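Below is one structure, written out as structure tokens; comments come after it.
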Amino acid sequence: MSDHTLRHVIEACDRAITAADYDTLMTHYADDAALVIQPGHVVHGKDRIRQAFIAIAAHFQHKLKVTQGEMQVIEGAGTALVIMETHLEIPAADGTPTHLTRRATYVFRHDPDGQWRCTVDNSYGTDLLSAQ
């Protein structure tokens, strides 16, 4: 498992999502970031991303838990491509927890202030190719 700085950033995002701490979550996104909500539906900008995360939490009855598995980071030109396993625990129709694993892709930019900020958040990874 990678111990890259971005692992810690993504883990902080996961904790913020689980805790519905959207102020903290948004500190890890670029102002002009994009979030894939579902195949064919992408939102842009922090305000719309925040609204999307609030709607996603409501959709999953505020029981969404996100953790990460294996990770690969490829850096170049002040950006990083992150390919990783995202583990989701969501409630099934009867309320019991269901576990899913996605192979997510993220793009981060290393900003002048020294922070990594997400510019593209795609928890569906390459599965988007088969969703068209």
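Please go through the range 8-36 and pick out each residue that is of a type in the set (Gly, Ala, Ser), within 15 Å of residue 109 (Cβ to Cβ) and in contact with a helix residue (DSSP H, G or I) (Cβ under 7 Å, 6 or more places away or on another chain). Please lay out each step first, then the result.
Step one: of the range 8-36, the residues of a type in the set (Gly, Ala, Ser) are 12, 16, 19-20, 30, 33-34.
Okay, now just the ones that are also within 15 Å of residue 109 (Cβ to Cβ), so 30, 33-34.
If the condition is that a residue be of a type in the set (Gly, Ala, Ser), within 15 Å of residue 109 (Cβ to Cβ) and in contact with a helix residue (DSSP H, G or I) (Cβ under 7 Å, 6 or more places away or on another chain), then 33 is the only one that fits.
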Is one or more of the residues making up the range 67-87 in contact with a Cys (Cβ under 8 Å, 6 or more places away or on another chain) and not hydroxyl-bearing (Ser, Thr, Tyr)?
no
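Output the residues belonging to the range 81-98 that are farther than 15 Å from residue 14 by Cβ and part of a strand (DSSP E or B). Break it down into steps so the answer makes sense when it comes.
Residues of the range 81-98 farther than 15 Å from residue 14 by Cβ: 81, 83, 91-98.
Those that are farther than 15 Å from residue 14 by Cβ and part of a strand (DSSP E or B): 81, 83, 91, 97, 98.
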Index of the failed condition, residue 104 passing every other in (1) touching a residue at least 40 places away in the same chain (Cβ under 8 Å); (2) of a type in the set (Gly, Ala, Ser); (3) under 17 Å from residue 33 (Cα atoms)
(1)
Kindly indicate the residue of the range 110-132 that is in a strand (DSSP E or B) and touching a residue at least 40 places away in the same chain (Cβ under 8 Å) and also farthest from the chain's Cα centre (by Cα) among those meeting that condition.
116
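Rundown of residues vs (1) modelled with pLDDT of 95 or more; (2) aliphatic (A, V, I, L, M); (3) out of contact with any Cys (no Cβ under 8 Å at 6 or more places or on another chain), yes/no style:
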| position | (1), (2), (3) |
| --- | --- |
| 7 | no, no, yes |
| 27 | yes, no, yes |
| 34 | yes, yes, yes |
| 39 | no, no, yes |
| 47 | yes, no, yes |
| 54 | yes, yes, yes |
| 62 | no, no, yes |
In the range 30-60, the residues that are in contact with a Gly (Cβ under 9 Å, 6 or more places away or on another chain) and of a type outside the set (Asp, Glu)
33, 34
When residue 66 is evaluated against the numbered criteria (1) surrounded by fewer than 18 Cβ atoms within 10 Å (Cβ to Cβ); (2) within 13 Å of the chain's Cα centre (by Cα), which criterion, by number, is the only one it fails?
(1)
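Which residue, of 57, 52, 34, is in contact (Cβ under 8 Å) with a residue 12 or more places away in the chain, more than 25 Å from residue 129 (Cα to Cα) and either surrounded by 13 or more Cβ atoms within 10 Å (Cβ to Cβ) or among the aromatic types (Phe, Trp, Tyr) (or both)? Break it down stepwise before answering.
Values: 52 fails: more than 25 Å from residue 129 (Cα to Cα); 34 fails: more than 25 Å from residue 129 (Cα to Cα).
Of the residues listed, the single one that is in contact (Cβ under 8 Å) with a residue 12 or more places away in the chain, more than 25 Å from residue 129 (Cα to Cα) and either surrounded by 13 or more Cβ atoms within 10 Å (Cβ to Cβ) or among the aromatic types (Phe, Trp, Tyr) (or both) is 57.
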Taking residue 79 and the conditions (1) among the polar types (S, T, N, Q); (2) surrounded by 11 or more Cβ atoms within 10 Å (Cβ to Cβ); (3) without any contact (Cβ under 8 Å) to a residue 12 or more places away in the chain, which numbered condition does it fall short on, given that it satisfies the others?
(3)
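Yes/no matrix, rows are residues, columns are (1) on the phi > 0 side of the Ramachandran plot; (2) of a type in the set (Gly, Ala, Ser):
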position: 20; (1), (2): yes, yes
position: 25; (1), (2): no, no
position: 45; (1), (2): yes, yes
position: 48; (1), (2): no, no
position: 69; (1), (2): no, yes
position: 72; (1), (2): no, no
position: 91; (1), (2): no, no
position: 99; (1), (2): no, no
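The values are calculated or read from the model by the stated rules, or taken from the named source; none is laboratory data. These figures come from a predicted structure and were not determined experimentally. Please note: Cβ atoms are built from the backbone with ideal geometry, for glycine as well, and neighbour counts cover all protein chains shown.
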